[in-house]
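A.B. asks: What follows is a single structure, and I will ask about it in a moment.
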Amino acid sequence: MKTIIYCRVSTDKEAQQTSLERQEEELVSAANLWNLEVDTIICDQASGYDLDRPGVFTMLDLIKEKEIQAVLIQDETRLGRGNAKIALLHCLVKEGVKVYNFSQDGELELSEADSMVLNIVSIVEEYQRKLHNLKIRRGMKRAVQNGFRPEKNLKHKGNIDGRERKIIPVDEIIRLRHNGLTFDEIAATLRGFGYDVSKATVHRRYREYEQDEIVKH
C-alpha cells in the first residue's frame, strides 16, 4: 500500500527537532512492520491549528499525483487540531486514503464526536453540490429560453468555426444580460456549457463592453 509518512511539531525550536526525528524513526519502523510502502516522508514545523502548512499541501498534491493509498502519523494530533484536523480528515476520506497511526498501533479509530462531525460535513457538502447543479440547470434553461445557443459557440458541436471552450463568449454574456439574467446566473449557465468562468469575470467583461460602447458614442 503506497504510503506517505507525515510528521509534525508545533515550532521550529531546537528541542522540537528531536521530536520530529523520533517521529520519523518510529513511523518508518511501523511502516516496515505493517508492510506499508513508504513513498514520501513529509515533516512540518507548524501549529496543528494552522492549515497553511507546506507539508499539508505537498501531501494533498502527492495523494492525487501518485495515487497514495495511506497516510501514516504518530497520532491524530500530528495531523492537526480542532477544525484543521477535521478538514484534513475530510479531505483524506474523500480521496479514499486510509490513516494509520503509531499510537493506536494500526488504522486510526476516530472518536464518536469526530465521526459525527465528518458525517455532517459530508452531508452538507453533498447538498451544496445538489444546490449548485440545480442552479446551473435553472440558469441553462432560462438562458436557452432567452436565445442562448451553446452549439454555436463550441467546437465539435456542429459549428467548426466556433470558439474553444476556454474562450469566453462575450456576445452571449451581453445577450443574456440584456435578457435580464444576473451575472451570477450567466456565469452558472456558461459553466454548465463548459466555460471556465466566474461571476467576477462575467461582470468584468460586461463592464468592458459597456466602456467600449461609451467610447464609440
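The values are calculated or read from the model by the stated rules, or taken from the named source; none is laboratory data. Worth saying up front: this structure is predicted, and the values here are computed from it rather than measured. Don't worry about glycine lacking a Cβ; one is built from the backbone with ideal geometry, like all the others, and counts go over all protein chains shown.
A.B. asks: If I filter the range 55-68 down to residues being without any contact (Cβ under 8 Å) to a residue 40 or more places away in the chain and over 18 Å from N83 (Cα atoms), which single residue comes out as surrounded by the most Cβ atoms within 10 Å (Cβ to Cβ)?
C.D. replies: Filtering the range 55-68 for residues that are without any contact (Cβ under 8 Å) to a residue 40 or more places away in the chain and over 18 Å from N83 (Cα atoms), the one surrounded by the most Cβ atoms within 10 Å (Cβ to Cβ) comes out as T58.
A.B. asks: List the number of the failed condition for I5; all other conditions in (1) surrounded by 14 or more Cβ atoms within 10 Å (Cβ to Cβ); (2) part of a helix (DSSP H, G or I); (3) touching a strand residue (DSSP E or B) at 6+ places or on another chain (Cβ under 9 Å) hold.
C.D. replies: (2)
A.B. asks: Specify the residue that is surrounded by the fewest Cβ atoms within 10 Å (Cβ to Cβ); the eligible residues are those in the range 120-137 that are among the basic types (K, R) and in contact (Cβ under 8 Å) with a residue 24 or more places away in the chain.
C.D. replies: R137
A.B. asks: For the range 1-32, give me the residue count where each residue is within 18 Å of G48 (Cα to Cα), in contact (Cβ under 8 Å) with a residue 24 or more places away in the chain and among the small types (G, A, S).
C.D. replies: Number of matching residues: 1.
A.B. asks: Next up: Limited to the range 164-203, what total is found for residues that are among the charged types (D, E, K, R) and either assigned to a loop (DSSP other than H, G, I, E, B) or farther than 16 Å from I136 by Cβ (or both)?
C.D. replies: First, pick out the residues of the range 164-203 that are among the charged types (D, E, K, R): 164-166, 171-172, 175, 177, 184-185, 191, 196, 199.
After this cut, where a residue has to be either assigned to a loop (DSSP other than H, G, I, E, B) or farther than 16 Å from I136 by Cβ (or both) as well, the list is 164-166, 171, 175, 177, 196.
Residues in the range 164-203 being among the charged types (D, E, K, R) and either assigned to a loop (DSSP other than H, G, I, E, B) or farther than 16 Å from I136 by Cβ (or both): 7 in total.
A.B. asks: Being under 22 Å from M1 (Cβ atoms), of a type in the set (S, T, N, Q) and touching a Cys at 6+ places or on another chain (Cβ under 6 Å) narrows it down to one residue among Q74, Q69, Q23; which is it?
C.D. replies: Q23
A.B. asks: Can K94 be described as free of Cβ contacts under 8 Å to residues at least 40 places away in the same chain, of a type outside the set (S, T, Y), closer than 26 Å to V9 by Cα and surrounded by fewer than 17 Cβ atoms within 10 Å (Cβ to Cβ)?
C.D. replies: Numbers: free of Cβ contacts under 8 Å to residues at least 40 places away in the same chain: yes; of a type outside the set (S, T, Y): yes; closer than 26 Å to V9 by Cα: yes; surrounded by fewer than 17 Cβ atoms within 10 Å (Cβ to Cβ): yes.
When the stated conditions are applied, K94 passes them.
A.B. asks: Among G106, G162, G147, which is closer than 30 Å to V28 by Cα and either small (G, A, S) or modelled with pLDDT under 85 (or both)?
C.D. replies: G106
A.B. asks: Report, by residue number, each residue of the range 79-126 that is within 16 Å of I68 (Cβ to Cβ), in a helix (DSSP H, G or I) and among the β-branched types (V, I, T).
C.D. replies: V93
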